[in-house]
């Protein structure tokens with residue numbers, strides 16, 4: 001009798017196997033794409049201001065670093081498929097102290113990109129109404145966006161939501177490719193661009209290194225995607241294809257957009273137009289140079305709308321990554337359990353999510369994009385350095401463990417195979433981190449304060465627990481659930497007139513009897529029978545007597561079975577609706593029940609659905625349409641049960657679901 005609750009990926013609370021089948025490699029692309037696509041919209045201005053004529057080269061370096069870092073993360077996750085990313089790699093390569101350092105640094109990155117994404121939304125919406133990008137208004141827009149993101153993440157993001165994220169990113173990639181093509185045609189029609197003054201300016205070495213470091217902001221998506229480890233188990237071929245595709249996409253988009261941006265800057269006769277006038281919304285600056293004028297205006301509206309959506313989706317994805325990493329640190333007793341404790345109803349770390357929203361709003365209030373990106377680079381390069389070094393060390397410590405994916409181009413060192421791309425990634429991260437510490441005093445101080453505060457928290461917490469700073473620890477299962485027994489004052493049980501109804505009502509009866517409240521008159525089970533009315537008929541159409549009689553018999557039997565349990569009262573009701581799942585959700589909301597006990601039906605195995613009969617992917621790989629609707633939209637807990645294997649309604653072996 002599994003209990004279905006909203007979790008990190010949603011209300012359905014799928015089992016690991018279910019997630020692996022339902023999400024797959026597209027979910028990885030969704031998370032990585034959200035970071036890549038959004039980073040161009042806010043990082044391009046800072047990169048252009050510091051790299052000047054070498055902006056495309058800075059993005060090319062960032063793309064190469066992305067490729068080697070992606071390979072490192074994929075090998076690490078294939079070796080230890082646990083959420084946590086660099087923090088997990090460091091735990092197995094070194095100990096919990098270094099694991100915490102990596103995790104705490106990535107938490108800083110999540111907070112930074114959440115803040116920057118929220119801040120940038122208003123500047124792109126200014127394409128429709130310029131005052132939206134002004135002081136005060138941008139803070140209000142960011143606060144609204146953060147409030148919505150916090151609410152959605154506390155309530156739980158549905159696993160199917162990652163599919164929508166992927167579709168948004170595909171739309172964004174198509175738009176950016178269009179910008180590259182149109183911008184290239186404009187530059188080709190203006191041969192005089194090559195002689196512009198912008199091409200006469202050369203950045204300093206430190207400025208170029210800083211620009212290349214900031215250009216790697218999209219790498220946060222790798223860390224967010226690694227948070228799905230353990231729930232997505234792609235094959236080795238799929239992993240190699242995913243890494244190659246992501247690397248090519250990054251290089252193409254980063255370099256292509258930056259080349260067009262540089263051409264636009266030269267057309268404007270200004271050395272770094274993106275780093276000044278369009279600093280907060282650089283892609284608007286790219287399309288502002290399009291000819292004729294009507295094309296530039298139309299492109300500005302399209303970019304403004306798509307960018308706002310992409311940035312909002314990215315903030316949502318980063319918040320998901322933040323919450324999963326906090327949960328990982330809490331389960332390994334690296335931060336106090338109170339920080340990672342799960343919400344009693346929604347099953348998400350609500351305290352951590354709310355705190356992240358508040359901290360991000362404070363960061364937005366600084367209104368200093370360069371400082372925020374400097375802080376991002378501080379945390380990112382430190383955690384990526386630890387990730388690369390950890391994967392190298394694991395080649396020595398765990399050489400015989402199966403690795404579905406291995407970083408290529410390795411050399412033998414003392415009997416171990418050392419991956420050269422990981423060595424290169426570690427060197428790049430070291431150079432970038434040292435350059436940032438030397439060149440940016442504010443980032444150096446703020447980053448040091450953040451890390452010192454985290455280490456102090458870790459030290460005090462471990463000492464109070466009487467545990468070693470380096471020991472690998474874990475909390476007991478269920479320790480992060482909210483304290484206190486779960487009590488049900490009322491349960492909604494949909495009745496379908498099938499033989500399984502007795503088992504479902506019995507399940508509800510046992511729950512109700514266990515949690516009965518004698519001083520409050522016991523527990524009420526509300527048995528509901530839904531008459532699904534086709535669209536060809538009005539809702540108040542007359543029902544035939546046979547159908548009414550079947551409903552009466554089913555409800556009478558439900559009342560008889562349910563009231564066999566002490567302290568349980570069964571009330572019966574019928575309702576007419578167009579869709580059974582939506583009717584169950586609406587009745588649960590209207591009646592204010594505390595849980596729904598539902599007989600989960602299996603999905604159709606026919607591609608495209610049983611009625612359509614044939615083409616396209618399966619409509620739902622986990623459960624049928626009614627169950628999916630209830631799991632994703634129910635306003636309360638949902639307890640989904642399934643028949644034993646020998647009682648599967650279609651004669652096939654039924655796969656029992658697992659609690660989330």
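The values are calculated or read from the model by the stated rules, or taken from the named source; none is laboratory data. Because the structure is a prediction, the values reported are computed rather than measured. As a convention, Cβ positions derive from the backbone with ideal geometry for all residues, glycine included, and neighbour counts pool all protein chains shown.
Yes or no: residue 539 surrounded by fewer than 16 Cβ atoms within 10 Å (Cβ to Cβ) and at pLDDT below 90? Taking the combined requirement at face value, the residue satisfies it. With respect to the conditions (1) touching a strand residue (DSSP E or B) at 6+ places or on another chain (Cβ under 7 Å); (2) farther than 27 Å from residue 632 by Cα, residue 349 lacks only one, and its number is (2). Do we find a residue being part of a helix (DSSP H, G or I) and touching a strand residue (DSSP E or B) at 6+ places or on another chain (Cβ under 7 Å) anywhere in the range 66-86? Checking the range 66-86: at least one residue is part of a helix (DSSP H, G or I) and touching a strand residue (DSSP E or B) at 6+ places or on another chain (Cβ under 7 Å).
Taking the criterion of being touching a helix residue (DSSP H, G or I) at 6+ places or on another chain (Cβ under 6 Å) and either modelled with pLDDT under 85 or surrounded by fewer than 17 Cβ atoms within 10 Å (Cβ to Cβ) (or both), the residues of the range 458-470 that qualify are 469, 470. Given the conditions (1) outside the structural domain of residue 216 (by TED's automatic domain parsing); (2) in contact with a helix residue (DSSP H, G or I) (Cβ under 8 Å, 6 or more places away or on another chain); (3) modelled with pLDDT under 85, which single one is not true for residue 369? With respect to (1) outside the structural domain of residue 216 (by TED's automatic domain parsing); (2) in contact with a helix residue (DSSP H, G or I) (Cβ under 8 Å, 6 or more places away or on another chain); (3) modelled with pLDDT under 85, residue 369 is out only on (1).
Condition check ((1) in contact (Cβ under 8 Å) with a residue 24 or more places away in the chain; (2) over 19 Å from residue 379 (Cβ atoms); (3) under 27 Å from the mean Cα position of the chain (by Cα); (4) assigned by TED's automatic domain parsing to the domain that holds residue 105) across all residues:
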residue	(1), (2), (3), (4)
398	yes, yes, no, no
405	yes, yes, yes, no
411	no, yes, no, no
416	no, yes, no, no
420	no, yes, no, no
425	yes, no, yes, no
439	yes, no, no, no
442	yes, no, no, no
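Among the residues that make up the range 361-384, is at least one of them more than 25 Å from residue 91 (Cβ to Cβ), touching a residue at least 24 places away in the same chain (Cβ under 8 Å), assigned to a loop (DSSP other than H, G, I, E, B) and within 21 Å of the chain's Cα centre (by Cα)? No, there is no match, as no residue in the range 361-384 is more than 25 Å from residue 91 (Cβ to Cβ), touching a residue at least 24 places away in the same chain (Cβ under 8 Å), assigned to a loop (DSSP other than H, G, I, E, B) and within 21 Å of the chain's Cα centre (by Cα). Taken over the range 416-447, the criterion of being outside any helix (DSSP H, G or I) and under 23 Å from residue 74 (Cβ atoms) is satisfied by 416, 417, 418, 419. Taken over the range 276-299, the residue count meeting the criterion of being surrounded by fewer than 22 Cβ atoms within 10 Å (Cβ to Cβ), farther than 18 Å from residue 49 by Cα and either touching a helix residue (DSSP H, G or I) at 6+ places or on another chain (Cβ under 8 Å) or in contact (Cβ under 8 Å) with a residue 60 or more places away in the chain (or both) is 3.
Across the range 393-415, the qualifying residues are those that are in contact with a helix residue (DSSP H, G or I) (Cβ under 9 Å, 6 or more places away or on another chain) and in a strand (DSSP E or B), and the one among them that is surrounded by the fewest Cβ atoms within 10 Å (Cβ to Cβ) is 411.
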